[in-house]
Protein chains: 2
Amino acid sequence: MKLSEARQQFISTWGAMGTHWGINRTMAQVHALLMISPDPLTQDDIMAQLNISRGNVNMNIRDLIDWGLVDRVLIQGERKEYFTAEKDIWKVATQIIKERKRRELDPMMKLMDQLSKVEGDKKDKEVKTFLETISGIKKFGAHADDMLGVLVKSDESWFLSTALKLFK
Amino acid sequence: MKLSEARQQFISTWGAMGTHWGINRTMAQVHALLMISPDPLTQDDIMAQLNISRGNVNMNIRDLIDWGLVDRVLIQGERKEYFTAEKDIWKVATQIIKERKRRELDPMMKLMDQLSKVEGDKKDKEVKTFLETISGIKKFGAHADDMLGVLVKSDESWFLSTALKLFK
DNA sequence: ATTATTTTTCAGTAATTATTGAAAATTCGA
DNA sequence: TCGAATTTTCAATAATTACTGAAAAATAAT
C-alpha cells in the first residue's frame, strides 16, 4: 500500500470513527491530517488536502483548538498561521477525557443533584425507581470522576505499568 | 420539583447527552424512560410517553436490544410484548464498553495493522510521521483493550475498591 | 382456516447538522 | 494611515440523519 493511499484511508476512517463519538466527520479528519503531517499546515493546505472550503477549515480548526488538540504555530517571517496537532496519542486521549469530563460529566452530575431533590413519597414505586436510578448515576459519576482525574494527572508510563500490573 | 417534571428533565437530558456520544437522541430517551420505569412498558406506552411514532419506537427498541441494554419481557397472559432496561448503571456502562470495543476498537486496530505495512522509505519524514502515529495508536489500543477487558470482567465492587485504593 | 392483534418494514418527508462562499473584520507591513 | 493579505463570520444551501405512518408480515386466538 502506497503512503498516499494509506493516508487517505487513515483520514477517512478517523473521520468515520469521529461520527460514532459525537464528533463531526470533518473535524476528526482535520485532526487526523494534522496528526500524520510532520510539519505544521496552513488553512490552505488543509483546504487542498481535504477538499473542503475555507470557512469549514476555519471553524473546525477553531473547535480543535478549543478542545486543546491543535495549536497555532507562528513561523518566522510568515504572515499565514500554521497549525499542528499533538502527536502523542496518550496526551490526545487524556486531553479528550479532560474536556469531556468538564463539558459533559460535570454538568450531568450537577443535574443529578437537582433531580435527587424530587418531591414525593419514597414508598411510591415510581418515585423509588426514579431516585434509585439517579442515585446510581451519581455514585457511578463520582467514581468515574475520581478515576479520570487520576488518569489525566498521571503520565502514561506510570499509569499503564501500574494499572496493568494490577489487572493482569 | 414534581416527579413528572423531574422525569421529563431526566429523559430530555439523557437524550441530549446521547447526541454527544454518537447515539441518536430518541434511542437515548427510550433508554432513559425504561431505566426510570419500575415496570416493563409496551411500544404503545413508549409512544405515548415520548410522543413518537410506532415505527420509531420499534426501530430504536430493536437497536437497544442489539446493544444489550434492553430486554423483551413476556408477561403471563398478555399478547403484547413488554420491554425493560437494565437498571444497574455499572452493568449498563460495562455493556456499552463491551459493545463499543467490539464495534469500534477492534476494527480500528485491525486497520492500524494494515496501515503499518505501508511501503516507502522510513527515512522520509512523511512516512516516518505516519508510521509513528499508527504505531502510537496501536500501542494505545492494545493497552486500552487489556484494561477494558478487565474492567468488563470484574464486578463493580472489586474494581472500584481496588482501583481507588491504588489511585488515591 | 379465518380473523384480530401486534410487530416490522420502508418509501416519503421532516428535522437537523454540516458546508459553502462571499462579505466583513482583522492583522500587519510599508 | 493605507492597503494587501489573511482570518472570521454567517445566511443560504446542501447533505445527512431521523421520523412518520400506512402497508405488509407475522403471530396467535377462535
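Worth a mention:
- Debye equation applied to the C-alpha atoms of region A:3-85, log10 I(q)/I(0) at 0.13, 0.16 Å⁻¹: -0.37, -0.56
- Scattering profile of region B:63-168 at q = 0.16 Å⁻¹ [log10 I(q)/I(0), Debye over alpha-carbon scatterers]: -0.86
- With a cut-off of 11 Å on the backbone N, the residues of region A:134-168 near the modelled label site 7 Å out from B:LYS153 along Cα-Cβ are A:167-168.
- Size descriptor for region B:1-147, Kirkwood hydrodynamic radius: 18.1 Å (Cα pairs only, one decimal).
- Helix axis angle, A:25-35 relative to chain A longest principal axis, alpha carbon, degrees: 60 degrees
- Distant-in-sequence amide H partners of B:VAL73 (H built 1.01 Å from N, under 5 Å): B:TYR82, B:PHE83, B:THR84
- Spacing of the modelled spin labels on A:GLU119 and A:GLU5, each 7 Å from Cα toward Cβ, amounts to 6.9 nm.
- Counting Cβ atoms of other protein chains within 10 Å of each Cβ in A:5-17 and taking the mean gives 4.
- Ellipsoid semi-axes in whole angstrom, largest first, where each is sqrt(5λ) of the Cα gyration tensor of the protein assembly as shown: 41, 23, 20
- Phi to ³J(HN,Hα) by Karplus 6.51 cos²θ - 1.76 cosθ + 1.60 over region A:51-67, Hz, x for Gly, Pro: 6, 10, 6, 4, x, 4, 4, 4, 5, 6, 4, 4, 4, 5, 5, 4, 6
- What the phi angles of region B:109-115 give under the Karplus curve with 6.51, -1.76 and 1.60, with θ = phi - 60°, is a coupling list of 5, 4, 5, 4, 4, 4, 5 Hz, glycine and proline written as x.
- Of all chain A residues, the one whose C-beta is nearest the axis that brings A onto B, in angstrom: A:GLY22, 2
- 3J(HN,Hα) along region A:130-137, derived from phi through the Karplus expression 6.51 cos²θ - 1.76 cosθ + 1.60 where θ = phi - 60°, amounts to 4, 5, 5, 4, 4, 5, x, 5 Hz, with x in place of Gly and Pro.
- Simple label model, 7 Å out from Cα along Cβ direction - A:ILE96 to B:ARG103, nm: 1.6 nm
- Stretching B:THR19 away from B:ARG79 to a fully extended chain increases their span by 18.2 nm, per 0.36 nm per residue minus the current alpha-carbon distance.
- Summed over both chains, the contact between B and A buries some 5400 Å² of accessible surface at a probe radius of 1.4 Å.
- Coordinate range of the alpha-carbon atoms in region A:105-151 per principal axis, descending: 40, 15, 9 Å.
- Solvent-accessible surface, computed for protein heavy atoms with a probe of 1.4 Å, shrinks by 50 Å² or more for the following residues of region A:85-108 when the other protein chains are added to the isolated chain: A:ILE89, A:GLU104, A:MET108.
- Averaged per residue, region B:89-167 has 54 square angstrom of accessible surface, using a 1.4 angstrom probe with ligands and nucleic acids left out.
The values are calculated or read from the model by the stated rules, or taken from the named source; none is laboratory data. Given the structure is predicted, the values throughout are model-derived calculations rather than measurements. For neighbour counting, all protein chains shown are included, and Cβ atoms are generated from backbone atoms with ideal geometry for every residue, glycine included. These area figures cover heavy atoms from the full protein model, side chains too; ligands, DNA and RNA do not enter into them. Shrake-Rupley method; radii C 1.70, N 1.55, O 1.52, S 1.80 Å.
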